[in-house]
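The values are calculated or read from the model by the stated rules, or taken from the named source; none is laboratory data. Source: prediction; values computed, not measured. Neighbour counts are summed over all protein chains in view; Cβ atoms, including those assigned to glycine, are modelled from backbone coordinates with ideal geometry. Protein only, heavy atoms only, side chains kept; ligands, DNA and RNA dropped before computing areas. Shrake-Rupley method; radii C 1.70, N 1.55, O 1.52, S 1.80 Å.
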Amino acid sequence: MGGRLDGKVAVITGGASGIGKASVERFIAEGAHVVMGDLETARGEAMAQFHGPKLAFRTTDVKNEADIKALIDLAIERHGRLDILFNNAGSAEPDYPVEKIEAGAFDHVMHLHLRAALFGIKHASPHMQAAGGGSIISTSSVAGIGVNYGPLLYSIAKAALIHMTKTVSVRMAPHKIRVNCINPGLIATAVFGRAFGLDQDAAEAAQPKLEELGAFAQPLPVGGNPLDIANAAVYLASDEARFVTGQALVVDGGLTTGTVPDPNGGTAAIITDILGVDLAAWRAEHGIG
Ligand SMILES: NC(=O)c1ccc[n+]([C@@H]2O[C@H](COP(=O)([O-])OP(=O)(O)OC[C@H]3O[C@@H](n4cnc5c(N)ncnc54)[C@H](O)[C@@H]3O)[C@@H](O)[C@H]2O)c1
């Protein structure tokens, strides 16, 4: 049976860990050739060695436009075409209070999470036009659609990334280049451990526990993991999504539906507490729950 990405060439950024790494593995399993960029040279090279000719790695800082261009050029050099770009690299930054935001921190977050994706599209577009079309995916976040799902600057950048996706999708549509993003909810990756000062190995070792506890973070009682996002990326990258563009696909176990996971808690508990009503007794009296 053929793979869902057979014959396609993909560039993936942030591929040495978490969502990016799972995506590299899924894309290869579905038949794609992948060219991956990441800051982490040793990890990237080890992955390239493991996957052989299906994966090329280039040390890349996506905050640097020349690095982005060189990564895309590498895909063209090796394979002569580019079909898929997955702008995924990112990291978690401190949640600065508004009064303490400095220009350097602002620029860092915007360049990493927003400008990198736009410049990725800038350099991928001519090659995709030459190939007769393509699929561009960026990793945004639930932090870009709701408040307090992430740090302030990060949330602003991810929200802008969603609007950039929609706006650019219209400019790219005549060329049959589809532009979408994915909004993950809580996904157990090393990003959290590293944000709190752990090294990559320790941060990865904490992933299973994070996934286990993540089951309590949203209505669906399962912890989100990198494969959940990689699978969404395979769909958007494949021809199955040929009529899908300008979308922000939420993959969050229901986190952003606005519900509270515990039907006996949440708003009802707060209101009845204020009113001095015994919620458990009231529910029993009305035969609820
Ligand atoms: N984990 C979550 O819960 C979650 C939720 C929503 C969105 N996201 C987004 O998903 C994406 C992937 O994050 P993850 O959770 O897999 O984290 P991760 O830390 O496991 O992986 C991120 C990768 O990006 C690389 N990277 C960071 N800065 C880079 C740069 N300047 N240039 C190139 N590579 C760089 C890192 O080295 C790392 O390999 C990010 O954009 C993140 O904001 C994650």
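Just how much of LYS8 is accessible, in Å², when a 1.4 Å probe is used and the result is rounded to the nearest 10?
Approximately 40 Å² of LYS8 is accessible to the 1.4 Å probe.
Which semi-axes, in whole Å and largest first, does the equivalent ellipsoid of the chain have when worked out from the alpha carbon gyration tensor as the square roots of 5 times its eigenvalues? Walk me through the numbers on the way to the answer.
Values: eigenvalues 267, 85, 75 Å².
One finds semi-axes of 37, 21, 19 Å for the chain.
Ranked from highest to lowest mean number of other Cβ atoms within 10 Å per residue, what is the order of the peptides 107-117, 14-24, 195-205?
On the way: 107-117: 21.8, 14-24: 26.9, 195-205: 13.5.
Answer by packing, highest mean first, reads 14-24, 107-117, 195-205.
Which pairs in the list LYS21/LYS166; LYS69/LYS122; LYS122/LYS166; LYS21/LYS69; LYS21/LYS176; LYS8/LYS63 are over 19 Å apart, alpha-carbon to alpha-carbon? Before the final figure, lay out each step's value.
Values: LYS21/LYS166 26 Å; LYS69/LYS122 9 Å; LYS122/LYS166 15 Å; LYS21/LYS69 21 Å; LYS21/LYS176 27 Å; LYS8/LYS63 26 Å.
Beyond 19 Å: LYS21/LYS166; LYS21/LYS69; LYS21/LYS176; LYS8/LYS63.
Restricting attention to region 56-111, which GluC sites (Glu not before Pro) occupy a DSSP loop and are surrounded by at most 10 other Cβ atoms within 10 Å? The partial results should precede the final answer.
Values: sites: GLU65, GLU77, GLU99, GLU102; in loops: GLU102.
Of the GluC sites (Glu not before Pro), the ones in loops of region 56-111 whose Cβ has at most 10 other Cβ atoms within 10 Å are GLU102.
Looking at region 44-86, which chymotrypsin sites (Phe, Trp or Tyr not before Pro) are in a loop (DSSP not H, G, I, E or B) and have at most 14 other Cβ atoms within 10 Å? All intermediate terms of the calculation are to be shown ahead of the outcome.
Numbers: sites: PHE50, PHE57, PHE86; in loops: none.
Sites meeting the loop and neighbour criteria: none at all.
Do any trypsin sites (Lys or Arg not before Pro) in region 194-242 lie in a DSSP loop with no more than 12 other beta carbon atoms within 10 Å, and if so, which? Write down the numbers at each step before the final one.
Values: sites: ARG194, LYS209, ARG242; in loops: ARG242.
When the trypsin sites (Lys or Arg not before Pro) of region 194-242 are filtered for loop state and at most 12 Cβ neighbours within 10 Å, ARG242 remain.
For region 42-135, just run the numbers: alpha carbon Rg, then divide by 2.2 N^0.38 Å, N being how many residues it has.
Dividing the Cα radius of gyration by 2.2 N^0.38 Å gives 1.28.
For n ≥ 4 DSSP H runs only, could you compute -39500 (n - 2.57) per run for the chain, divide by its residues and tell me the 222 nm figure to the nearest 500?
Numbers: 12 runs with 132 residues, N = 289.
That calculation yields -14000 deg cm²/dmol at 222 nm.
If DNA, RNA and ligands are ignored and the probe is 1.4 Å, what is the ranking of ASP273, ASP6 by accessible area, most exposed first? List each step's numbers first, then the result.
Numbers: ASP273 120, ASP6 90 Å².
Order by accessible area, largest first: ASP273, ASP6.
About the Cα centre, and with charges only on the beta carbon of Lys, Arg (+1) and Asp, Glu (-1), how big is the dipole of the chain? Nearest 20 debye, please.
1160 debye
Considering only GLY104, ILE177, GLY253, whose Cα is most displaced toward the positive end of the charge dipole of the chain, charges sitting on Cβ of Lys, Arg (+1) and Asp, Glu (-1)?
Farthest towards the positive end: ILE177.
Please list the three semi-axes, largest first and in whole Å, of the ellipsoid equivalent to region 219-258, using sqrt of 5 times the eigenvalues of its alpha carbon gyration tensor.
Details: eigenvalues 96, 35, 7 Å².
They are 22, 13, 6 Å, listed from largest to smallest.
If you average the C-alpha positions of region 97-149 and of region 1-74 separately, how far apart do those two centres end up, in angstrom?
18 Å
Tell me, what is the 1.4 Å probe accessible area of THR59, in Å² to the nearest 10?
60 Å²
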